Amino acid sequence: MAVDTLKQAIAVEPAFSEGSLKLAQWYLADGKREDTVAVLEAAHAMDRDDPIILNNLASLYMEDKATDTH
């Protein structure tokens, strides 16, 4: 399965941001929002300046804020 392959690749090379982005896409498409955020946050910890990771995290955070009913 592609998800398992991506997870293995990221485990071997945590700085593999392309793999993290693909895994996050898979999770998001599968409705696994918490997993998506976790993968992107881990990728951000490895590469704090990646604009795609930053953009994707910001989008998720903004969506969360928009749907927060508190």
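Bear in mind these aren't lab numbers, they're just calculated from the coordinates by the rules spelled out. These numbers were taken from a predicted model, which means no experiment stands behind them. Neighbour counts run over all protein chains shown; Cβ positions are idealised from the backbone, glycine included.
Odds and ends about this structure:
- Here the relative contact order of the chain, from alpha carbon pairs under 8 Å that lie six or more residues apart, stands at 24 percent.
- Every helix of 4 or more DSSP H residues in the chain counts as -39500 (n - 2.57), and over all residues that averages to -25000 deg cm²/dmol at 222 nm.
- A Cβ-based charge dipole, computed about the Cα centre of the chain with Lys and Arg at +1 and Asp and Glu at -1, lands at about 80 debye.
- With a Förster radius of 22 Å applied to the C-beta separation of Met62 and Arg33, the computed FRET efficiency comes to 0.95.
- Of the peptides 35-46, 11-22, the order by per-residue mean of other Cβ atoms within 10 Å, starting with the highest, comes out as 35-46, 11-22.
- In order along region 40-51, the Karplus-derived 3J(HN,Hα) couplings, from 6.51 cos²θ - 1.76 cosθ + 1.60 at θ = phi - 60°, round to 5, 5, 5, 5, 5, 5, 7, 9, 6, 9, 5, x Hz, and Gly and Pro are given as x.
- Working note: Karplus 6.51/-1.76/1.60 with θ = phi - 60° gives region 21-29 the couplings 5, 5, 4, 4, 4, 4, 4, 5, 5 Hz, where Gly and Pro are set to x.
- Kirkwood estimate for the chain, i.e. one over the average of 1/r between Cα atoms, Å: 12.3
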